[in-house]
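Inspection log for the structure reproduced underneath, given as structure tokens.
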Amino acid sequence: MDKNEEIRSAGLKVTRARRSVFKLLETHPHSHLSAYDIHQQLFDKEKSVGIATVYRVLNQFVEAGICVRHNFETGQSLYELAPDIHHDHMVCLSTGMVTEFEDKLIEERQKKMAAEKGYKIIDHSLILYVEPID
């Protein structure tokens, strides 16, 4: 599905700002960008997308399920396109760098732990806060 179809299928009108934000997120598939980062990159290219517009578009995308907002311990919200495959995150406390990872063993262990307590997992998020090993 192309970006225009993705935006329309979420019930949103296709605008230049929405296309621009979507394209930027799409071209950074493993990045976690702040609204400020997105604004700066768009402003450098187009000079016409304001920060308020970026925030508004991101909020609409989050509500529509197009992207995900993360509130890591970095002091700002970070955004990524909604992933097709579940992944977890490591956040470096020294640099703020966010790294995605997948681990089937961890996923199975979490399911097993929930089942042992009489539950099934509906959704979850695993965030590891890390520091470099010196």
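Residues in segment 25-38 that are touching an Asp or Glu at 6+ places or on another chain (Cβ under 9 Å) and of a type in the set (A, V, I, L, M): Leu25, Leu33.
When residues in segment 27-53 are screened for being assigned to a helix (DSSP H, G or I) and out of contact with any Leu (no Cβ under 7 Å at 6 or more places or on another chain), 11 of them pass. Of all residues in segment 61-85, those satisfying the criterion of being surrounded by 18 or more Cβ atoms within 10 Å (Cβ to Cβ) and farther than 21 Å from Thr99 by Cβ are Phe61, Ile66. The residue of segment 45-60 that is surrounded by the fewest Cβ atoms within 10 Å (Cβ to Cβ), among those that are of a type in the set (Lys, Arg) and at negative phi, is Lys45.
What's the total number of residues in segment 14-23 that are under 10 Å from Val54 (Cβ atoms) and either in contact (Cβ under 8 Å) with a residue 60 or more places away in the chain or crowded, with 21+ Cβ neighbours inside 10 Å (or both)?
2
The set of residues from segment 80-105 being assigned to a strand (DSSP E or B) and under 24 Å from Ala35 (Cβ atoms) comprises Glu80, Leu81, Asp88, His89, Met90, Val91, Cys92, Val98, Thr99, Glu100. Of the residues Arg109, Arg56, Arg19, Arg8, the single one that is part of a helix (DSSP H, G or I), among the basic types (Lys, Arg) and within 28 Å of Ile133 (Cβ to Cβ) is Arg109. Residue count for segment 86-105, restricted to those that are surrounded by fewer than 12 Cβ atoms within 10 Å (Cβ to Cβ) and in contact with a Leu (Cβ under 8 Å, 6 or more places away or on another chain): 0. Consider segment 112-131 and keep the residues that are among the small types (Gly, Ala, Ser) and part of a loop (DSSP other than H, G, I, E, B). The one that is nearest to Phe72 (Cα to Cα) is Ser125. The single condition among (1) at pLDDT below 90; (2) outside any loop (DSSP other than H, G, I, E, B) that Gln76 does not satisfy is (2).
Evaluate segment 115-128: report whether one residue or more is among the small types (Gly, Ala, Ser), free of Cβ contacts under 8 Å to residues at least 24 places away in the same chain and not assigned by TED's automatic domain parsing to the domain that holds Ile7. Within segment 115-128 (the criterion being among the small types (Gly, Ala, Ser), free of Cβ contacts under 8 Å to residues at least 24 places away in the same chain and not assigned by TED's automatic domain parsing to the domain that holds Ile7), the answer is yes, since at least one residue qualifies.
Do we find that Arg69 is under 19 Å from His89 (Cβ atoms), basic (Lys, Arg) and not assigned by TED's automatic domain parsing to the domain that holds His124 in this structure? Spelling it out, Arg69 is indeed under 19 Å from His89 (Cβ atoms), basic (Lys, Arg) and not assigned by TED's automatic domain parsing to the domain that holds His124.
The values are calculated or read from the model by the stated rules, or taken from the named source; none is laboratory data. Being a predicted model, the structure only gives us computed values, none of them experimental. FYI the Cβ positions are ideal-geometry reconstructions off the backbone, even for glycines, and counts take in every protein chain you see.
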